1. Failed condition for Ala26, given (1) open to solvent by 50 Å² or more (accessible area, probe 1.4 Å); (2) hydrophobic (A, V, I, L, M, F, W, C); (3) over 22 Å from Val113 (Cβ atoms), with all others met?
2. Take the residues in segment 253-271 that are open to solvent by less than 30 Å² (accessible area, probe 1.4 Å) and part of a strand (DSSP E or B); name whichever of them is nearest to Gly162 (Cα to Cα).
3. Looking at segment 26-40, I want the residues that are within 13 Å of Cys185 (Cα to Cα) and have a partner that is aromatic (Phe, Trp, Tyr) and at pLDDT 95 or above with Cβ atoms under 6 Å, at least 6 apart or on another chain. Which pairs are those?
4. From the residues in segment 75-92 that are without any contact (Cβ under 8 Å) to a residue 40 or more places away in the chain and part of a loop (DSSP other than H, G, I, E, B), which one is surrounded by the most Cβ atoms within 10 Å (Cβ to Cβ)?
5. Within segment 48-68, identify whether any single residue is among the aliphatic types (A, V, I, L, M), under 20 Å from Ile205 (Cβ atoms) and touching a Phe, Trp or Tyr at 6+ places or on another chain (Cβ under 6 Å), and answer yes or no.
6. Among the listed residues Lys33, Lys95, which satisfies the condition of being part of a loop (DSSP other than H, G, I, E, B), more than 16 Å from Arg200 (Cβ to Cβ) and of a type outside the set (Gly, Ala, Ser)?
7. Which members of segment 98-142 meet the condition of being assigned to a loop (DSSP other than H, G, I, E, B), more than 17 Å from Pro203 (Cα to Cα) and open to solvent by less than 20 Å² (accessible area, probe 1.4 Å)?
8. What number of residues within segment 143-154 are closer than 14 Å to Asp184 by Cα and either in contact with a strand residue (DSSP E or B) (Cβ under 7 Å, 6 or more places away or on another chain) or open to solvent by 40 Å² or more (accessible area, probe 1.4 Å) (or both)?
Amino acid sequence: MYIDRYGKTRYKINLHTHTTLTDGRATPAEVVKRYRSMGYDAIALTDHWFFGAEDETPDFTVLSGAEYNINGNDCRDGVYHILCIGAKAAPAVKKAMPPQKIIDEIHRVGGLVVLAHPAWSLNEPEAIAKLRGIDAIEIYNSVSGVQMSRRPDSSLIVDMLGARGIFYPLLAADDAHYYDGSDDCVSWIMVEADDCSRERLLPAIREGKFYATQGPEIHLFHEGDTFVVKCSPVSEIVFISNATWTPRAFKGENLTEARYKPADYECFIRAEVMDRDGKRAWSNIIPIPNR
């Protein structure tokens, strides 16, 4: 549990991990021990096509989870990796099902649907836009930047969707497989909630009551027609939108605040920060109505 700069209680959570039950290199018990030792309050075990049950103790929560990956390795075939988080029972899904039916089945059993690493999967914005019921999307996926993968950052896809008026809560997650320090305990979300139970966490994530981070704290809000970022000390603050060329990047030492007034054609704003060690954080998107 953490208290942010506004006095709100937040919980450190990773929603994407793998274990020796499928293609991970650590047992479920080892994964829980690892994340717990690094100050996490909750994780989800999301092995491929294996539904992991939930487990709650007074100070640590394991959310139920699974990852349903379809259409192999050729992204031209439409590769989708869909996370089921916090479901009350295992979804009745099969590998022949299309993405929409998997999403619908996860919702039927009370789960939260996350579209995993869309950049790694080369998911086209037009195809994502046709899917109904995505609860969140990974803007950053740690394992997708190491070993055989080099597409961890899905910001471009998020922004292309935003330009179409399609907005999702934005997660950072590890998708840990190797547990060698490259893909575990790297990226997470800080969720504002009364406690770290399933009943509190899932609604907060659906409502976007969190920020995604590798360490820095970030808050984006607006005061009238001006957008404001307040954060822990960083070296860069950037406001991002559907605009191509605007004065929206601020650099310096120990920056803790920046302000930006969008042009009349900008239809959304989100923010990213980076500290002097290269650790990043991502806000959720704030749509600008009537644009």
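1. Result: Ala26 fails condition (1) only.
2. Phe268
3. Arg36/Phe60
4. Checking each candidate, the answer is Ala87.
5. Yes - at least one qualifying residue is present in segment 48-68.
6. That would be Lys95, the only listed residue that is part of a loop (DSSP other than H, G, I, E, B), more than 16 Å from Arg200 (Cβ to Cβ) and of a type outside the set (Gly, Ala, Ser).
7. Ala116, His117, Pro118, Ala119, Ser121, Asn123 - these are the residues of segment 98-142 that are assigned to a loop (DSSP other than H, G, I, E, B), more than 17 Å from Pro203 (Cα to Cα) and open to solvent by less than 20 Å² (accessible area, probe 1.4 Å).
8. 3
The values are calculated or read from the model by the stated rules, or taken from the named source; none is laboratory data. From a predicted model like this one, the values you see are computed outputs, not experimental measurements. Glycine gets a Cβ as well: all are built from the backbone with ideal geometry, and neighbour counts include every protein chain shown. Note: areas computed on protein heavy atoms with side chains; ligands, DNA, RNA excluded. Shrake-Rupley method; radii C 1.70, N 1.55, O 1.52, S 1.80 Å.
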